[in-house]
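Beneath this line is the structure, given in structure tokens, with notes to follow.
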Amino acid sequence: MAVNPINISGSIDINSIVDKLMQVERQPLLRLQQKEVSYKAKISAYGVLLSKLGELKNTLAELKGSNLMGMKASVSNTDFLSAEALDSASEGTYHIQIKNVATSQSIYSVAFSSETEEVADLSTFSSQRIQIQVGSNTPITVTVDSTNNTLSGIRDAINSADSDVRATVINDGNGYRLVLSSKLTGASNRITVKVDEDNNGVFEEPSETDLTGLSKLAFNPTYDSDGNVTGGISNMIQSQAAVDAVLKIDGLEVTRPSNEINDLIPGVNLEIKKGDGFSSTIVLTVTEDSEKLKTKLNSFVSAYNQLVNTIKDLKGSNEKKGALSGDSVLMGLENSLRSITTTNYGGKTLNLFGLTHDKNGVLSLDTSRLDTSLDNSKTDVIATINQMASSLETAISDYINTAIPVRKNGLEQSIKWIQKKEDDLSRRLELTEIALRQKFINLDKLLNQLEGVSNQLVQQMDKISSLGGKK
């Protein structure tokens with residue numbers, strides 16, 4: 001039996017060998033990529049932290065200043081009047097009587113047989129104009145021609161002009177009428193309608209104020225002190241007069257063109273709802289509002305606790321590290337929050353007024369204790385909250401504007417350096433893989449050649465063995 005002196009196989013799994021070798025070669029690149037992912041996670045975490053810091057800072061702006069309490073207005077009869085007190089208002093009591101509310105003017109035309117009946121006589125002048133003005137405001141001019149010479153057409157043209165007048169067409173049972181209503185209240189906002197039938201640029205010529213054609217819509221009357229029409233050009237009919245609101249405040253009679261009045265009592269917005277000829281007296285009381293302070297403090301507590309919880313998540317735990325675990329900026333911020341909200345301000349702490357921390361650093365507000373403190377010494381409460389808010393705002397601003405941006409910038413620069421190193425390593429790894437693959441291809445060829453030589457030797461030895469057997 002022939003013996004193979006060289007046992008060589010020319011079949012090498014080049015891909016498997018090269019892949020395993022490259023796994024070792026890629027370890028430095030993988031470590032860089034892991035570091036890049038970690039740095040990006042830190043940058044993202046700082047972004048979340050900045051957002052929560054900004055929300056807390058916004059609430060602190062409401063806790064500064066002498067009018068921390070806010071003001072409120074109460075009205076003895078809200079059927080007649082409603083009131084809102086701004087923080088700039090002063091405490092006081094006012095006695096108000098209302099004669100009448102302010103109203104806007106409405107006028108209507110003579111009756112037409114339908115809303116599509118022609119209004120202007122275009123047989124002589126095919127294009128005519130209407131000029132409508134409310135008070136001293138800029139007038140609008142509407143052209144009337146064959147395209148819109150109907151009640152509905154004129155209505156639509158007026159409304160398209162986007163003016164201080166609203167136009168409608170109403171069927172009152174006696175016919176269709178064009179109704180014009182001012183969008184503004186008060187005697188100074190009465191409606192004037194002028195007509196230019198010969199289209200020569202001059203309105204209210206004698207022939208343009210009669211009751212024919214487009215002149216049916218002319219309206220420029222005179223009024224008495226109550227807003228009733230007494231003369232002038234009144235081809236349209238007034239259905240509601242434009243009058244000012246008339247009221248008395250502590251016996252002083254005043255008028256206003258609007259029912260929404262914000263210039264009568266400084267810091268107080270009034271809305272007149274009903275008048276009864278001065279018969280009823282409504283008492284308006286403006287006082288400080290502790291509920292507004294509670295609302296501001298609750299907003300602060302909510303934003304503070306959201307930040308505390310965010311810090312906790314970013315720190316992580318022993319079982320699961322957070323994105324900013326062990327970060328000095330985060331730990332410094334946590335210490336600052338606790339220190340500023342527990343420190344002594346002029347012998348007073350927030351704890352005395354109902355703002356307390358639990359063992360996890362979560363803040364809560366005891367409104368009963370706050371009410372008691374306000375009753376005993378409102379000045380101390382406001383001064384302490386002011387000082388805390390100012391101190392915390394300064395600290396937070398430093399983190400928002402300096403500490404965190406500096407840290408983020410450092411991480412961003414590190415990421416750029418890592419990415420450059422990754423690019424360099426990737427190119428080197430490509431070359432390394434090509435070189436390894438070529439080496440094993442060459443080795444595979446050599447083994448194939450050796451296998452061929454081995455086979456030839458085996459054949460020769462087999463021949464020698466067979467010759468020896470014949471002897």
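One line per residue, one yes/no per condition, for (1) assigned by TED's automatic domain parsing to the domain that holds G186; (2) touching a helix residue (DSSP H, G or I) at 6+ places or on another chain (Cβ under 9 Å):
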{"position": "G227", "(1), (2)": "yes, yes"}
{"position": "S234", "(1), (2)": "yes, no"}
{"position": "R256", "(1), (2)": "no, no"}
{"position": "E260", "(1), (2)": "no, no"}
{"position": "I265", "(1), (2)": "no, no"}
{"position": "E271", "(1), (2)": "no, no"}
{"position": "D276", "(1), (2)": "no, no"}
{"position": "T281", "(1), (2)": "no, no"}
### Task
Report, by residue number, each residue of the range 123-135 that is out of contact with any helix residue (DSSP H, G or I) (no Cβ under 7 Å at 6 or more places or on another chain), surrounded by fewer than 18 Cβ atoms within 10 Å (Cβ to Cβ) and under 29 Å from Y223 (Cα atoms).
Q131
### Task
Kindly indicate whether V195 is farther than 17 Å from A218 by Cβ and either small (G, A, S) or surrounded by 19 or more Cβ atoms within 10 Å (Cβ to Cβ) (or both).
no
### Task
With the condition kept exactly as written, say whether any residue in the range 430-450 is assigned to a helix (DSSP H, G or I), among the acidic types (D, E), closer than 30 Å to A323 by Cα and free of Cβ contacts under 8 Å to residues at least 60 places away in the same chain.
no
### Message
Given the condition in a helix (DSSP H, G or I), of a type in the set (A, V, I, L, M), in contact with a Lys or Arg (Cβ under 8 Å, 6 or more places away or on another chain) and more than 19 Å from T59 (Cβ to Cβ), answer yes or no: does some residue in the range 321-329 qualify?
### Response
yes
### Cβ pairs under 8 Å, 6+ apart, first in the range 341-356 and part of a strand (DSSP E or B), second surrounded by fewer than 20 Cβ atoms within 10 Å (Cβ to Cβ) and polar (S, T, N, Q)
Y345/Q387; L355/S364; T356/S364
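The values are calculated or read from the model by the stated rules, or taken from the named source; none is laboratory data. All of these numbers come straight from a predicted model, not from anything done at the bench. Heads up, the Cβs are rebuilt from the backbone with ideal geometry, glycines too, and the neighbour counts pull from every protein chain shown.
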